[in-house]
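Scroll down for the structure; my scribbles are underneath it.
The values are calculated or read from the model by the stated rules, or taken from the named source; none is laboratory data. Keep in mind that this is a model prediction, so the values were computed, not measured. Here the Cβ positions follow ideal geometry from the backbone for every residue, glycine too, while neighbour counts run over all protein chains shown. Surface accessibility is based on the protein's heavy atoms, side chains included, excluding ligands, DNA and RNA. Shrake-Rupley method; radii C 1.70, N 1.55, O 1.52, S 1.80 Å.
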Amino acid sequence: RDIEENFQRVLTVFLTECDQTHLFNCLSYCTLELLANANKANAKRLYFKEQNLNIENEKDYSSGMENFKAALSGNKIHYMTELETSILEIHLFLTNDDVITVKVSNNTQVTPFEYQRIQEKIAMAKQYDSMEAALTCVDQTEGSGLGLIIIVLMLKELGLDETHLKFDISNNETVATIEIPLDSYAEL
């Protein structure tokens, strides 16, 4: 809770300095969703390690994902404690140079299975014209990808398409980036 409040204060100052405070709700939601996804990805690595499963192996990945959600939900304090003491990290970068850029990175690399799922959810978002349509059609359970779909829909509301949400994988790092060119979107 404290981290979220601190982030929102930083975002408020950042957007005030950029003279773009009207983007607060959109960027706050999108960034918090990406941070939550990065945190969940790190927790998944801890879970797979504890279960002696290889996250890179398709069979192990399928097997591990069957119980991951339940394990995470039932042991939140355990995973929060483990994440605080682990070498897994999440970083947030905000920049403005005629493009507001939000980057959320974590020092783990998504697996091909995870990357494929991310791309499927982004592609799925193209078929929805509104958040209401997505909410009625998409399974809203944890891990459904609804957060990514909502991010793409929020970018659409700014007059941007899904290409303004990118996922890059390199050097044992995954970076999610949102770019908002200040001269090419429709103000909310």
Number of positions in the stretch 95-125 that are touching a residue at least 60 places away in the same chain (Cβ under 8 Å) and not β-branched (Val, Ile, Thr): 8
Tell me, please, whether a residue that is open to solvent by less than 70 Å² (accessible area, probe 1.4 Å), touching a Gly at 6+ places or on another chain (Cβ under 8 Å) and within 25 Å of Gly64 (Cα to Cα) can be found in the stretch 146-155. no
Do you know which of the residues in the stretch 90-130 that are assigned to a loop (DSSP other than H, G, I, E, B), open to solvent by 90 Å² or more (accessible area, probe 1.4 Å) and out of contact with any helix residue (DSSP H, G or I) (no Cβ under 7 Å at 6 or more places or on another chain) is nearest to Gly159 (Cα to Cα)? Asp129
Condition (residue is of a type in the set (D, E, K, R) and under 14 Å from the mean Cα position of the chain (by Cα)) applied to the stretch 124-144: is it met by at least one residue? yes
May I ask you to list the residues in the stretch 20-36 that are surrounded by 21 or more Cβ atoms within 10 Å (Cβ to Cβ) and of a type in the set (S, T, N, Q)? Thr31
Does the stretch 30-48 contain any residue that is over 27 Å from Thr81 (Cβ atoms) and either in contact with a His (Cβ under 9 Å, 6 or more places away or on another chain) or modelled with pLDDT of 90 or more (or both)? yes
Subset of the stretch 1-19, residues open to solvent by 50 Å² or more (accessible area, probe 1.4 Å) and not acidic (Asp, Glu), comes to Arg1, Ile3, Asn6, Gln8, Arg9, Val10, Thr12, Val13, Thr16
Number of positions in the stretch 41-64 that are among the hydrophobic types (A, V, I, L, M, F, W, C) and touching a residue at least 60 places away in the same chain (Cβ under 8 Å): 1
Step by step: first the residues of the stretch 39-83, then only those that are open to solvent by 60 Å² or more (accessible area, probe 1.4 Å) and not in a helix (DSSP H, G or I), then the one that is nearest to Asn106 (Cα to Cα). Which residue is that? Glu56
